[in-house]
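Take a look at the structure below.
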Amino acid sequence: MTATKGAGVPAAVGRWAGSDDDVAPTVEDLDVIVSLAKRRGFVFPSSEIYGGINAVWDYGPLGVELKNNVKRAWWRAMVQERGDIVGLDAGILMAPQVWVASGHVASFADPLVECQNDHLRFRLDELPGTEGLSATDLRDPDVVERLGLRCPVDGGPLTPPRRFNLMFRTFMGPVEEEAAIVYLRPETAQGAYVNFKNVVDTARKKLPFGVAQVGKAFRNEITPGNFVFRTREFEQMEMQYFVRPETAPEHFEAWLARRWDWYAGLGADPRRLRFREHAPDELAHYARRAVDIEYRFPFGWRELEGVHNRGDWDLGNHMKASGENLTYFDPATEEHFVPFIVETAAGADRAAFTFLIDAYREEEVRGEKRVVLGLHPDLAPYKVAVLPLLKKRPEIVVLCQRIVSDLRGDMMAVYDDTASIGKLYRRQDEIGTPWCVTVDVDSLEDHAVTVRDRDSMAQDRVGVDQVKVHVLGRLSAARSA
Ligand code: GAP
C-alpha cells in the first residue's frame, strides 16, 4: 500500500503509515474491552433475547453517555467554537436520484467472493493472502485463480469477485415496486450537498465555510466485525468545508492537523495514531485525495476517520442531475464557480470505541489489581459519584442526596451505596468517573467532604457548598489542558 507523506503537513503533526515500526495496542485482547463494555453497561448485542442480530449493537446506560459526550465534543470543536461552520440535520431517507448523482448506485461497492462449498461470503480484500494487494489487483476478475485463494473456513473453491453494493434498499409507500425504491443513506454527507443553496441563502456564509452533521448511516457490510468497529448501522460525524478550488490543498492540510489534534486532545495516545495516504487506485469514487487517520486497535491499524478532497464531484453532479444552479457567487471577484469540498468524515461509534480502548489500564495498588478507564473528563459517562462512608447514618445519606441533586443541574452525577467504600471506588474507576465525593461522619460537623481523583487517587477536603465549583473548575481545566 502506498504510504507517502502529504506535501506540506508538518512532520511534527504525526506519523505516516510506513514511517515507523509497529506500535503495541493499549490492550492486546479485544475481549477485555468487550467484556467490560457488557459487564458495566456500555454496549449490549442488539435484540439479545432473540440471539442477537449480526453487526448491530445497543448502547447501554453508560455507553449512551460516552457516545453523546463524543458527539458533543465534536460539535463543540466543529461548530460551537468556530464562526465558519453551521449545523444541519438532514433526513436519512433522501430522493433516490441523490444516490445516482453521487455515484453511490454505480460505485459504492466492495469486492465479494463466495465459497462454492459452504456458501459463506467474504470481502476479497480481507482474505488471507490479499494483504498488500493494490486496488487494481482487487478489481482483477482472475485474482482468485491467479493467487490460488481458498475459503478460509473450509478451504473450498471461491467464486471470482463481484461488486456488491453496500447500500440498504427499502420501499417508500405501500407498493413494493422498483419505482418505490429508496436507500438508507450510506453517508450523511449528501444532506449537506443537496442543501448547499439553502445554507448559502439562509446562513449567509462566505467561502470558506462548512456544514456539520451528526447522524445515522447504514451499510450492508460484507464482513462486519471487531465489536462496534464495523457495523451495519452506525453514526457519522461529518463536516463538509466548501472552499475556492485553488485553496482546497491548503484547507486539506489544515483539517488533517486539526482532526489529529481533536483525538489527541481528548486523550487518544498520539503514539497509537497515524496518517495513511490512499493510493491513487484506492481512492473512493468521489475523492481526489484521501488521508485516513488510523488508530492502533487490538486487531491492527485501522481507519478512524477519513479526510477527503472531494473536489467539485458532488456539487457538480447534483447540479447536472437536478438542473439547479449550485454555483457560488464571490462578490469580491465577481466570479461564479462550483466550490471544492474538503470533508472530514468520522464515525461516532469508532471514536467512542477508540477512546474506550485507549483509556483502559490495569494497575497494581497495594497488592491488588485496579482497572481504570482513564477517560478524558469531558467524555466520562459520570463526572462525579457521591458515596456515603456509612450508609446506616441517615444524615450522611441525606447530605449525599443533597450534593448529588445539586450537581445534576450541571453534569451527570450518580449516588451509590451498594458496597463498601473501597469497592465503590473500584467500580467508579472501572467506568471512568473522574471524581468521587465521599461524605463521612466528620462532614456532618465540618461541612466538608473528600473529593478523590480517579487518576492520582489524591484526596482533597472541600466544603460542601464548594463541591460543584470545584468539579466545574477541574472539568474546565481538563478541557483547556
Ligand atoms: N462521507 C465520506 C465517508 O462516509 P468513509 O471513510 O466511508 O467516508 C467515514 O466513512 C467514517 O465513518 C469512517 O472513518 C468510520 O469512522 C465510519 N464508518 C464507516 N463505515 C462504518 C461501519 N461500517 N461501521 C462503523 N463506522 C463506520
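The values are calculated or read from the model by the stated rules, or taken from the named source; none is laboratory data. Model, not experiment: these values are computed from the prediction. With ideal geometry, Cβ positions are generated from the backbone for all residues, glycine too; neighbour counts draw on all protein chains shown.
Assorted remarks:
- Residue 286 closer than 21 Å to residue 104 by Cβ and either out of contact with any helix residue (DSSP H, G or I) (no Cβ under 7 Å at 6 or more places or on another chain) or within 11 Å of the ligand (Cβ to nearest atom) (or both): yes
- For the range 214-308, the strands (runs of 3 or more DSSP E) that sit wholly inside it and include 1 or more residues that are closer than 26 Å to residue 195 by Cβ and free of Cβ contacts under 8 Å to residues at least 40 places away in the same chain are 289-297.
- With respect to the conditions (1) in a strand (DSSP E or B); (2) loosely packed, with under 15 Cβ neighbours inside 10 Å, residue 346 lacks only one, and its number is (2).
- Only listed residue being touching a helix residue (DSSP H, G or I) at 6+ places or on another chain (Cβ under 8 Å), modelled with pLDDT of 95 or more, over 23 Å from residue 184 (Cα atoms) and in a loop (DSSP other than H, G, I, E, B), chosen from 41, 63: 41
- Residues being touching a helix residue (DSSP H, G or I) at 6+ places or on another chain (Cβ under 8 Å) and either surrounded by 18 or more Cβ atoms within 10 Å (Cβ to Cβ) or of a type in the set (Ser, Thr, Tyr) (or both) - total across the range 441-461: 6
- Residue 371 being over 30 Å from residue 294 (Cβ atoms) and either at pLDDT below 95 or in contact with a strand residue (DSSP E or B) (Cβ under 7 Å, 6 or more places away or on another chain) (or both): no
- Residue count for the range 209-226, restricted to those that are more than 7 Å from the ligand (Cβ to nearest atom), modelled with pLDDT under 95 and not polar (S, T, N, Q): 2.
- Taken as a whole, the condition of being among the hydrophobic types (A, V, I, L, M, F, W, C) and either crowded, with 18+ Cβ neighbours inside 10 Å or under 24 Å from the mean Cα position of the chain (by Cα) (or both) applies to residue 351.
- Of residues in the range 73-97 being assigned to a helix (DSSP H, G or I) and without any contact (Cβ under 8 Å) to a residue 60 or more places away in the chain, the one surrounded by the fewest Cβ atoms within 10 Å (Cβ to Cβ): 80
- Any hit, the range 360-375, residues being more than 16 Å from the ligand (Cβ to nearest atom), farther than 30 Å from residue 250 by Cβ, touching a helix residue (DSSP H, G or I) at 6+ places or on another chain (Cβ under 9 Å) and assigned to a loop (DSSP other than H, G, I, E, B): yes
- Criterion (at pLDDT below 95 and surrounded by fewer than 16 Cβ atoms within 10 Å (Cβ to Cβ)) met by exactly one of 17, 55, 7: 7
- From 159, 136, residue being over 33 Å from the mean Cα position of the chain (by Cα), of a type in the set (Val, Ile, Thr) and loosely packed, with under 14 Cβ neighbours inside 10 Å: 159
- Per-region count, the range 179-219, residues over 22 Å from the mean Cα position of the chain (by Cα) and hydrophobic (A, V, I, L, M, F, W, C): 11
- Residues in the range 177-196 that are crowded, with 16+ Cβ neighbours inside 10 Å and out of contact with any strand residue (DSSP E or B) (no Cβ under 9 Å at 6 or more places or on another chain): 190, 194.
- Candidate set: the range 309-336, residues that are surrounded by 15 or more Cβ atoms within 10 Å (Cβ to Cβ) and of a type in the set (Phe, Trp, Tyr); chosen: the one nearest to the ligand (Cβ to nearest atom): 313
- The set of residues from the range 445-471 being over 18 Å from residue 374 (Cα atoms) and either in contact with a Leu (Cβ under 7 Å, 6 or more places away or on another chain) or of a type outside the set (D, E, K, R) (or both) comprises 447, 448, 449, 450, 462, 463, 464, 466, 467, 468, 469, 470.
- Being in a loop (DSSP other than H, G, I, E, B), farther than 24 Å from residue 193 by Cβ and in contact (Cβ under 8 Å) with a residue 24 or more places away in the chain is a property that does not hold for residue 352.
- Given (1) closer than 28 Å to residue 30 by Cα; (2) of a type in the set (Asp, Glu); (3) surrounded by 17 or more Cβ atoms within 10 Å (Cβ to Cβ), number of the condition residue 261 does not satisfy: (3)
- Residue within the range 397-405 that is part of a helix (DSSP H, G or I), in contact with a helix residue (DSSP H, G or I) (Cβ under 7 Å, 6 or more places away or on another chain) and either among the hydroxyl-bearing types (Ser, Thr, Tyr) or modelled with pLDDT of 95 or more (or both) present: yes
- All conditions in (1) outside any loop (DSSP other than H, G, I, E, B); (2) within 20 Å of residue 472 (Cα to Cα) hold for residue 411, with the sole exception of (1).
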